[in-house]
Amino acid sequence: MTQWQPSTRSVEAPAWTPPPLWQALRRGAANRCPVCGEAPLFDGFLKVRRACSHCHAPLGRVRADDAPPYFTIFIVGHIVVPLMLWMERAYEPSLWAMAAIFLPLTLVLCLLIMRPVKGATVGLMLRLGVTGTENGPDLPDRPA
C-alpha cells in the first residue's frame, strides 16, 4: 500500500501585489482593475478582460460565475420588496399599478447594479487569491 505524498508542484507567487480588501472592492465596483485601479476591468457589458493592460493581473481567469447575479438579486430584492409592502399598505394600488411600477423598477435596478457587483466580486476573488492560475498554466481562449 502506498502512502499519500503531497504534490511536488510549486505554486508561483503572483507578479502583482493584491491590494487591501476594501480598495479591491471599490476599484472593482468602479469597473477598474482591482489590483492597480488604472485599466478598465470589462471588455463588454459583463465580459472581464483577459489581463490588465497596466499591471498584467490575470483578470480573465477569475470565474465569478453565479455570485454576481445572486448578490444582485439579494440587493434588489431588499430594495424592491420593502417598497412594494410600504406602497401596498399606504396607497392600496391595483395589481396592475403595482406591476407597472415595480417590474420596470426591478429590471432597471438589476441592470444598473449587475456590473458594479461583478466588478466587486472579481476584486474580492483577486484579493483572496482565487485567480484561476492555481490550477496550472494559462489556458487558451475559450470560444465566445
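None of the figures in this text is laboratory data; all of them are computed from the coordinates on show. Quick caveat: nothing in here was measured; it's all calculated off a predicted structure. Positions of Cβ are backbone-derived with ideal geometry, glycine not excepted, and every protein chain shown enters the neighbour counts.
Roughly speaking, what is the stretch gain from residue 50 to residue 83, that is 0.36 nm per residue apart minus the C-alpha to C-alpha distance, in nm to one decimal?
Numbers: separation 33, 0.36 × 33 = 11.88 nm, distance 3.95 nm.
Extending this stretch completely gives an extra 7.9 nm.
Summing +1 for each Lys or Arg and -1 for each Asp or Glu among the other residues whose beta-carbon sits under 15 angstrom from that of residue 39 gives +3. Residue by residue, the stretch 119-130 carries 3J(HN,Hα) couplings of x, 5, 5, 4, x, 5, 5, 5, 5, 7, x, 8 Hz when phi is fed to the Karplus relation 6.51 cos²θ - 1.76 cosθ + 1.60 (θ = phi - 60°); x denotes Gly or Pro. In this structure, the amide hydrogen of residue 48, modeled 1.01 Å from its nitrogen in the peptide plane, lies closer than 5 angstrom to those of 43, counting only residues at least 5 positions away or on a different chain. Remark on residue 32: its backbone amide H falls under 5 Å from those of 41, a criterion applied only to residues 5 or more positions apart or on other chains, H modelled at 1.01 Å from N. Counting every other Cβ atom within 10 Å of each residue's Cβ, 59, 107 order from fewest to most as 107, 59.
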